[in-house]
1. Which of these, 111, 81, 63, has the largest mean-square fluctuation under a Gaussian network model of the chain (Cα springs below 10 Å)?
2. Sort all Cα-Cα distances of the chain into consecutive 5 angstrom bins from zero, then give the percent of pairs in each bin up to the one containing the longest distance.
3. List the residues, sorted by chain then number, that are 5 or more residues from residue 41 or on another chain and whose placed amide H is less than 5 Å from its amide H.
4. What does the convex hull of the Cα atoms of the range 140-181 come to per residue, in Å³, rounded to a whole number?
5. Please compute the modelled spin-label separation between residue 108 and residue 40, points set 7 Å along Cα→Cβ, answer in nm with one decimal.
6. For every other residue with a beta carbon closer than 11 angstrom to the beta carbon of residue 113, add +1 if it is Lys or Arg and -1 if Asp or Glu, then tell me the sum.
7. Using R₀ = 35 Å, calculate the FRET efficiency as 1/(1 + (r/R₀)^6) where r is the Cβ-Cβ separation of residue 115 and residue 5; round to 0.05.
8. Please give, to one decimal in nm, the separation of the simple spin-label points placed at residue 178 and residue 138, each 7 Å out from Cα toward the Cβ.
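Only the coordinates and a few stated rules stand behind these numbers; no lab work does. Everything numeric here is computed off the predicted structure, so don't read it as measured data. Quick reminder, even Gly has a Cβ in these numbers, built from the backbone with ideal geometry, and neighbours come from all protein chains shown.
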Amino acid sequence: MKKEDFVFNLRDITEIGILCGLAIVLDTFVKIPIAISGGSINIAMFPLIFIALHKGWFKGFIAGAIIFGLITCLIDGYGFATYPFDYFIAFGSVAIVGFFRNLIISEKLTAKNYIFFAISILLCMTVRFFSHTISGIIIYELDFVGSMVYQLPYILPTAAVLLVILVPLLSVFKSLFARLS
């Protein structure tokens, strides 16, 4: 890891701000509500994953957990008791994609790069799933199985949609990153 991975310049702040804003718009307006008290199929994690892949795990975590997580927690209105698991950890999980960045982006993309990208997205969504599950147990007093059953109808389709959209775009992301750097 380099020092630049932890330092924010104006370009980083601008890019993260724009992409977090896009994620908030997607989360607010482009979703299919599944559950009565939260949970929807959406692509809000698309820009957050892009940030983590381009800027690394630290900046991805800041964007997902702090910026996007805090703002959407306020917008959703479920209270700050839900923030630690339903927002901070759940959306901070995009940092996992940033950890895999060197295995995903290479000089020449091969099947291995695409596989690592898919694995990183699946790991990210798995952490998000368990984070929401723990929140269901603590906040909503569901049992473990009940909380898992509540989360599955929106987490699994969201993971599938992200995989179908993002993995084929890896070569486009690589080209964009070359131009943005």
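1. 111
2. That works out to 1, 9, 17, 22, 20, 15, 9, 5, 2, 0, in percent per bin.
3. For residue 41, whose amide H was placed from the backbone, the distant partners under 5 Å are 32, 34.
4. About 96 Å³ per residue, rounded to a whole number.
5. My value for the distance between the label points is 4.4 nm.
6. Details: positive: 101, 108, 112, 174; negative: 107.
Summing Lys and Arg as +1 and Asp and Glu as -1 gives +3.
7. Details: r = 24 Å, r/R0 = 0.69.
Calculated transfer efficiency: 0.90.
8. 4.4
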